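Report on the following structure.
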Amino acid sequence: MSNCSNEFPTTGVLYDELSVGALVPGLIGCALAFVVIGIYIEEIWFILHHYPHKTQRTKFICLLGLYPVVCITSSFAVLIPRATFLCELVAATYLSFCILLFVNMMVSYFGGTKNLLHVMTDEKMPFGVPPCCCLVCFNKLPFNRKHLRIATIMVLQITIIKPLSLFIAAVLWTDNQYSPGDESAPKNGVFYTNLTSIISTVSGIWGIAIIYRSTRSKLPAYRIGIKFISLQLVLIFLNLQFSIISLLARNDIPGCAGTRDSLVRGYRLHHTMLVYEAFLVSILARFAYRRLEPELLSRLEFQDEVQKTDDNKVNGNV
């Protein structure tokens, strides 16, 4: 490792050192990125022609856009290593937006927060769910506005902290105050930024899992489970996958050569894998979203009208 640089190489240096065989995975990833873009364009056409409500169309189009965004940004990170931090910042920002949008979509299925609280009055919120099921002294709490707000805040914080931590790392890197691998030293400011980011990610996954597990039984016709998995997989791949790769890299796996150290090669491997993974998850998301959905809101409004009618009859009899 002493003879290896910890700097991202320029494209000129990178392609001079890479063999043709080493370029193949990246080229396949670029081809898959184009396939994902093609799938996304077809999904947009389907949504625009089959969903009458503009708000619903916008949400679905934005959520499905996560997979081409990840493919495109990761492809650029593979092809232009020095753009890695910028690409990660864009992908993390868009993912944060999609997390917020997904929670909003689940609430909108019920017709808003007020209807959600009404329908879930007798239900419980399972706080004892992964990834923090062993860290809490309580399991299920009443589904009310207070506990819903707590779970929502747990989700919302990741939309700010994760992009902000990547922005700080990118700014420090441009000023040569940070390089890949430095974050493991507690004396380094990036260490605390990354630690905060990890805690934020785990908290965000926990919060969205609480909301999902609380409401999934009421949304059997919406394939909400597949939608949740397709989002959570991207969240895990983007935030936790590189932690494993960097652990291997610090043990010189894969070994370094020329101007590329193991951590920089780890970044390249990470983003190459992200393209493949985003391609597979996009197919799963296509199965979840490319379909006509029932109008849950109208059913809930009908149920409310029936309930009001029954209450009026009871009051009249009294």
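Assorted remarks:
- Rounded percent of accessible protein surface that carbon and sulfur make up, the stretch 6-130, 1.4 Å probe: 70 percent
- Nonlocal amide H pairs with residue 141, under 5 Å, H built at 1.01 Å: 125, 127
- When the listed pairs 114/162; 146/218; 162/227; 114/227 are checked against a 26 Å cut-off, the alpha-carbon distance exceeds it for 114/162.
- Summary of packing: across the peptides 144-151, 46-53, 200-207, 110-117, the per-residue average of other C-beta atoms within 10 Å ranks them, highest first, as 200-207, 110-117, 144-151, 46-53.
- Solvent-accessible surface of protein heavy atoms, probed at 1.4 angstrom with all chains present, puts 192, 212 in the order 192, 212, largest first.
- Solvent exposure, largest accessible area first (probe 1.4 Å, DNA, RNA and ligands not counted), of 162, 227, 124: 124, 162, 227
- Solvent-accessible surface (1.4 angstrom probe) belonging to residue 122, in square angstrom, nearest 10: 140 Å²
- When peptides 66-75, 88-97 are ranked by their average number of other Cβ atoms within 10 Å per residue, the highest-first order is 66-75, 88-97.
The values are calculated or read from the model by the stated rules, or taken from the named source; none is laboratory data. As the structure is a computational prediction, the values presented were derived from the model and not from experiment. Note that each Cβ is placed from the backbone with ideal geometry, even for glycine, and that neighbours are counted across all protein chains shown. The protein model used for the area step is the full one, side chains on, heavy atoms only, and it has no ligands, DNA or RNA in it. Shrake-Rupley method; radii C 1.70, N 1.55, O 1.52, S 1.80 Å.
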